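The values are calculated or read from the model by the stated rules, or taken from the named source; none is laboratory data. Computed from a prediction, not measured in an experiment: that's the story for all the values here. Counting neighbours? That spans all protein chains shown, and the Cβs are built from the backbone with ideal geometry, glycine included. Note: accessible area is taken over every heavy atom of the protein model, side chains too, but ligands, DNA and RNA are not part of it. Shrake-Rupley method; radii C 1.70, N 1.55, O 1.52, S 1.80 Å.
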Amino acid sequence: MQFSKSWIFNGRFIEHHVVYVIFVLCCLLFVVIFNINHFLSQNFFYYLKSNLHFVILFGLLIISTLLFNQQEISKSKYFIFRYFSFIFYFIVYFVIFPKFLIQNKHFIEKLVFLIFVWGSLTGFLGIFLLFSNLNPPGKYSNFAISYIYHPNVTAFVYTTSIIATIFYLFWKIKELSVFFKLALFLGLLLQFSGLFFTLCRAAVVGVLVGISVYLCVISKRKTLLILPVLLISIPFLISKYIFLKGIASFYSRARLLIPALDLITQSKARFLFGYGISDSIVVFQRNSLLLVKDDINNPHNAILSLLIMFGAIFTIFLIICILFIMIKVFIRGWKSNDYKEKHFFAFLLSSMVALIVHNMFDSQLVMVELFCLQFFLIYLGLSYYLIIFKSRKIPIEPIWK
């Protein structure tokens, strides 16, 4: 996903073919990990019953496609691959990979450390290229774009990596050497600097809210002292940052709500079941109320994008499921008296909150072509299996025993 958005490696030639890459790689993965004996021994009725909410979501997806958006199947092979990409993402990043992490708990530390390295290198390269005047010429030459061609895409690296770095620092603080702690602080500084110079306000808001949630979970009663400070300081910082970049792009984003709301309210069927996964992009671009000159194919709001793609029934049910899991994670982290467990669940919750808040001003959370949805599904999957699904139902030893 990053290669297709990279200007350094000139990877944009595969940008419109990414869904085919996803399809092929996921099929190869399934072939490699498939175990016929394990498959035949499954109690599928019990599995479906235990995950009834996901069965309902999948059923709503099928109804939306087969009954109300048949045009996608008949006219677009791209749709078929994009459709399967969403399903494969759910299987790989929500089911398979979280289970792997739970069964191999030492890989959780490896994953978080890898995210820290990824964010730090991205921040270093972004700052170095910006201040060395080595950015490619164009309208983003004065932004810390790093190896990615658009600063708003680069910013998603930091929305993911900054909270992971803070978590790793707290989680391992008693075990790390002074040199390693300094390296973490330096990496964190590079990430914050890279984020600031992308001038992506949505990412700044998401990161600040995510860090606030993290502090609230681990601080318990101290939250009552921290919360007033956060409520005063965050809006102040955000307002300063908005005016630093200017408000023209802010208004252009706001204007995207007009065609989105127009599409959603055109008919009862469209409101309830949407326009489909791929056709929603086409109808949004062709909407006569789209007043922005740039090549915009979504309303830059994940919820509105979901409403246009799948309709209100699917979107509302999905939001309820996600909120239920996140509330359970908050309660688990808040009540826990184990230091590492508390910080781990604070990390899961704050990471999901940061990505959600960021995507109230963007739609990358519902786009398989980018690298935001994958992390969200991993965190959501870990939360689901450790708290909602109950780890005792997975044949593994508990992580935090």
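Any idea which of LEU195, LEU169, LEU189, LEU184 is at pLDDT 90 or above, open to solvent by 40 Å² or more (accessible area, probe 1.4 Å) and not charged (D, E, K, R)?
LEU189
So in the range 381-390, with the set limited to residues that are closer than 26 Å to CYS26 by Cβ and open to solvent by 10 Å² or more (accessible area, probe 1.4 Å), which one is modelled with the highest pLDDT?
Filtering the range 381-390 for residues that are closer than 26 Å to CYS26 by Cβ and open to solvent by 10 Å² or more (accessible area, probe 1.4 Å), the one modelled with the highest pLDDT comes out as LEU386.
Out of the residues in the range 288-311 that are surrounded by fewer than 16 Cβ atoms within 10 Å (Cβ to Cβ) and over 23 Å from ALA203 (Cβ atoms), state the one that is modelled with the lowest pLDDT.
Among those residues, the one meeting the criterion is LYS293.
Residues that are on the phi < 0 side of the Ramachandran plot, surrounded by 20 or more Cβ atoms within 10 Å (Cβ to Cβ) and of a type in the set (Ser, Thr, Tyr): find the helices (runs of 4 or more DSSP H) completely inside the range 57-164 holding 1 or more of those.
Correct list: 77-89, 106-131.
Could you run through the range 362-374 and say how many residues are part of a helix (DSSP H, G or I) and crowded, with 21+ Cβ neighbours inside 10 Å?
4
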